[in-house]
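Heads up: the structure comes next, in structure tokens.
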Amino acid sequence: MRVLWITNNLLPDACEFFGISKVVKTGWLHSSANQIKNHVELYIATLYVGYKIKKQLINGITYILIPSKKDRRELDESTYQHWKKINKEIFPEVIHIHGTEYPIGLGYINACGTEKVVVSIQGLISVCANYYNAGMNNWDILFSTTLRDIIKSQTLWNNRNNFAKQGRYEMEYFCHIKNIIGRTEWDYAHLSAINPTAHYFFNNETLRDVFYEGEWDITKIQRHSIFVSQANYPLKGFHILLQAMPIILHRFPGTKIYVAGFDLTQVCKNVIQAKIRATTYGYYLYSLIQKLELSDYIQFLGRLEEYEMKKNYLQAHVFVSASGVENSSNSIGEAQLLGTPVVASFVGGTDSLVENFKTGLLYPFEDIPRLAYSIIRIFSDDELALKLSMKGREVASIRHDKIRNRNQLLNIYKGIIRKS
């Protein structure tokens, strides 16, 4: 079976070979590719800034780099000829487009048609656009907007509009594609509203290999520590967690938040540079941290590789996902797979991952007292923490089972071939 994957980013093995910076968030996709590569003839194609098609067999997978003249957020008609050429050379039996956030796969569809094509939903960027600012009002945004973001057209309004523009491409996918892979009731509901005749296949994700080993141990954690996997833009809701901190600190004064990613507030510590060089969201976070006197309770950890992420999950007392919207957060899955107790905003498809008071604690997004209360419950009740850890791990081990998910995916491919 010849399968062509079309991805938004190059996977780690190919990044290393071609000398391209590795994208951390593709690790789960790499794991999935490694699971199926011995069962299919796998090709993985994506766009790059260059002048000619590059092909290379690396660890049993043939990677293809398609030259593009535009930013990946734009549909590039110059790629059509390359997609046609690749299609004729490979003659794939299934074309699997991963993600609808960018129009890369639309380039293939416009050039070669929709026959034998299946698209996986990752997030729904058309919906994310509506929640991008995650409760920040226009005054918050206006007051925090920096010269840097104005010059670069990267204000929060610009960024939200970019999401909305990408969402229009997403609608093209959903309106024209007959086969869709999803994994939550939320993404199924949205697809059904847009294209009720599409064939929806269910397939859970396989996570990065490192998270399948190791187990959270309450005797080895840093008590009253919170781990957050992303805080680089408003949609992830870090500002909501900050507003819950005074309530938490009243009960547990030693509480600390550890944040994966670079410190957006670092440049703001120089008053002159703050409104010139900082990002708008970075300046807003800095202002909020100063107002709430939280400087001593937050540590940004910088970019973390997967082993460092795992270490922080295991030493945290609780993992918090405070997003304004999610489909199925891989970070929640990683935390549950290791057994770290989870507190998550009840948004999007999160309830397909977290059952309240069984595999984690859910709270309504923007309900700051309820968020604080959920974290305090785990800090103050070891029995509850252990229960959430055990049940979360049990459910996640089934949801993210490598062999089960691989076999489901292969059966989806076989079904598409039979219908062709």
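Couple of notes before you dig in:
- Boolean, Asp140 is over 30 Å from Ile412 (Cα atoms), surrounded by 15 or more Cβ atoms within 10 Å (Cβ to Cβ) and out of contact with any Asp or Glu (no Cβ under 6 Å at 6 or more places or on another chain): yes
- Count of residues meeting criterion [closer than 21 Å to Pro12 by Cβ, open to solvent by 30 Å² or more (accessible area, probe 1.4 Å) and touching a Phe, Trp or Tyr at 6+ places or on another chain (Cβ under 7 Å)] in segment 56-101: 2
- Set side by side, the residues Asp187, Asp149 differ, and just one is closer than 30 Å to Tyr373 by Cα, open to solvent by less than 30 Å² (accessible area, probe 1.4 Å) and not hydrophobic (A, V, I, L, M, F, W, C), which is Asp187.
- Selection from segment 393-420 of residues that are part of a helix (DSSP H, G or I), of a type in the set (Gly, Ala, Ser) and more than 25 Å from the chain's Cα centre (by Cα): Gly415
- When we screen Ile109, Ile86 for residues that are touching a residue at least 60 places away in the same chain (Cβ under 8 Å), assigned to a helix (DSSP H, G or I), farther than 21 Å from Leu29 by Cα and within 25 Å of the chain's Cα centre (by Cα), the only hit is Ile109.
- For segment 173-197, taking the residues that are outside any helix (DSSP H, G or I) and in contact with a Ser or Thr (Cβ under 7 Å, 6 or more places away or on another chain), the one that is farthest from Tyr413 (Cα to Cα) is identified as Thr184.
- Ser120 closer than 22 Å to Tyr43 by Cβ, open to solvent by 10 Å² or more (accessible area, probe 1.4 Å), among the polar types (S, T, N, Q) and at pLDDT below 95: no
- The helices (runs of 4 or more DSSP H) found wholly in segment 243-344 and carrying at least 3 residues that are open to solvent by 20 Å² or more (accessible area, probe 1.4 Å) and modelled with pLDDT of 95 or more occupy 280-292, 306-315.
- Boolean, Thr46 is open to solvent by less than 30 Å² (accessible area, probe 1.4 Å), in contact with a Leu (Cβ under 9 Å, 6 or more places away or on another chain), modelled with pLDDT of 95 or more and not in a loop (DSSP other than H, G, I, E, B): no
- Matching residues, segment 10-43, being surrounded by fewer than 22 Cβ atoms within 10 Å (Cβ to Cβ), under 16 Å from the mean Cα position of the chain (by Cα) and part of a loop (DSSP other than H, G, I, E, B): Lys22, Val23
- No other residue among Val127, Val94 is in contact (Cβ under 8 Å) with a residue 40 or more places away in the chain and under 18 Å from Leu235 (Cα atoms) apart from Val127.
Table: residues versus (1) among the basic types (Lys, Arg); (2) closer than 24 Å to Ser389 by Cβ; (3) in contact (Cβ under 8 Å) with a residue 24 or more places away in the chain; (4) touching a helix residue (DSSP H, G or I) at 6+ places or on another chain (Cβ under 6 Å).
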| residue | (1), (2), (3), (4) |
| --- | --- |
| Val259 | no, yes, yes, no |
| Leu264 | no, no, yes, yes |
| Thr280 | no, no, yes, yes |
| Leu285 | no, no, yes, no |
| Leu294 | no, no, yes, yes |
| Leu304 | no, yes, yes, no |
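- Any hit, segment 370-383, residues being assigned to a helix (DSSP H, G or I), among the acidic types (Asp, Glu), over 30 Å from His39 (Cα atoms) and open to solvent by 50 Å² or more (accessible area, probe 1.4 Å): yes
- Positions within segment 345-358 being open to solvent by 10 Å² or more (accessible area, probe 1.4 Å), out of contact with any Phe, Trp or Tyr (no Cβ under 7 Å at 6 or more places or on another chain) and assigned to a loop (DSSP other than H, G, I, E, B), in sequence order: Leu353, Glu355, Phe357, Lys358
The values are calculated or read from the model by the stated rules, or taken from the named source; none is laboratory data. This one's a predicted model, so the numbers in the text were calculated from it and none came from an experiment. Glycine also receives a Cβ, built like all others from the backbone with ideal geometry; neighbour counts cover every protein chain displayed. These area figures cover heavy atoms from the full protein model, side chains too; ligands, DNA and RNA do not enter into them. Shrake-Rupley method; radii C 1.70, N 1.55, O 1.52, S 1.80 Å.
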